[in-house]
1. When DSSP beta bridges are limited to those with both residues in the chain, what percentage is antiparallel, rounded to the nearest 5?
2. Could you give the nm distance between label points at Ala14 and Glu68, where each point is 7 Å from its Cα heading toward the beta carbon?
3. Quick one: 3J(HN,Hα) in Hz for segment 149-162, Karplus 6.51/-1.76/1.60 with θ = phi - 60°, rounded, Gly and Pro as x.
4. Enumerate by residue number the GluC sites (Glu not before Pro) in segment 113-221 meeting two conditions: DSSP loop (anything except H, G, I, E, B), and at most 11 other Cβ atoms within 10 Å of the site's Cβ.
5. Residues in segment 44-87 near a label at Lys6, defined as backbone nitrogen under 13 Å from the 7 Å Cα→Cβ point?
6. Given the whole protein assembly as supplied and a 1.4 Å probe, what does the accessible area of Tyr172 come to in Å², nearest 10?
7. Just flag the trypsin sites (Lys or Arg not before Pro) in segment 172-245 sitting in loop per DSSP whose Cβ has no more than 15 other Cβ atoms within 10 Å.
8. Each residue of segment 210-221 in turn: what ³J(HN,Hα) in whole Hz from Karplus with 6.51, -1.76, 1.60 and θ = phi - 60°, glycine and Pro shown as x?
Amino acid sequence: MLQVHKPYVIGEDANHKFVWLGLDESESEKGILTNQYLVIDGDEAALIDPGGYFVFERVFNNVQNFVEPEKVTKVMYSHQDPDVIGSLNLLLDMFPNASFYVSALWERFIPHLGVSVKDRIVDIPDEGMEINVGKSKVKAIPAHFMHSPGNFHYYDPTLKIYFSGDMGAAVYPEGTWYLIVENFDEHRKYMEPFHRRYIASRKAIDLWQRRISNLEIEVVAPQHGSIFMGENAKKFISWLTSLDKVGLDLW
Ligand SMILES: [Fe+2]
Ligand SMILES: [Fe+2]
């Protein structure tokens, strides 16, 4: 049975929270299921990959369970796909204090959504950057060609949570979605076809692996699919880095 799921706090300490923003399983009738996240530090908050047009109402309502829209000062995008940026027109109006962080490669394409974003957009250079959220920092980690040519993941060092964009995406049979991965070996079969096709080449994995090798990661939170905690986060990273051939390697 398709269910509506409430937001879930993935991690928190006294002043800081990392929140998954809920899901309505019937959204799968319109497009692939997507996850959205909210990082809160003190009096300030940031959205990560707030999603497409048709999930906006759910995202906006669920954000308000945690913070007022005026407190959201950053929106961080992993890449340019419609399931990531499709709600931008609405976000601009409903989060009036937010700046939008996006790869410098994609900034010039965004006005085609029909919006003027000039003074509210921040280009992320290829090498990544640190983004302040309250007194904390979130790091934009380069993950180019791990999907899009200009692609960033986001690492929250306060809680050791790693937002992995489309990496970790899983596609389930109707009605079998779950939030937290329990059995990694079972879960892997829902991820494999996506990763074989949507990563450009093995070289992208090697470069990314070097980038993340010094990060302490306790949770992997992807834009589609289920969240990996503890041992399963480690299993996910070692599975992804062990894929021998992907994308162009197979063509
Ligand atoms: Fe994508
Ligand atoms: Fe996606």
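1. Here the antiparallel bridges make up roughly 65 percent for the chain.
2. 2.5 nm
3. Along segment 149-162, the couplings run x, x, 9, 10, 9, 10, 10, 9, x, 4, 10, 6, 9, 10 Hz.
4. Glu127, Glu174, Glu182, Glu216
5. 62, 65-66, by backbone N distance to the label point.
6. Its accessible surface works out to 40 Å², give or take rounding.
7. Loop-located and lightly packed - Lys245.
8. Per-residue couplings from phi come out as 4, 4, 9, 4, 9, 8, 8, 10, 9, 9, 10, 10 Hz.
The values are calculated or read from the model by the stated rules, or taken from the named source; none is laboratory data. Note that the coordinates shown come from a computational prediction; the quantities given were computed from them, not determined experimentally. So basically every Cβ, Gly included, is an ideal-geometry build from the backbone, and we count neighbours across all protein chains shown. Only protein heavy atoms, including side chains, enter the accessible area calculation; ligands, DNA and RNA are left aside. Shrake-Rupley method; radii C 1.70, N 1.55, O 1.52, S 1.80 Å.
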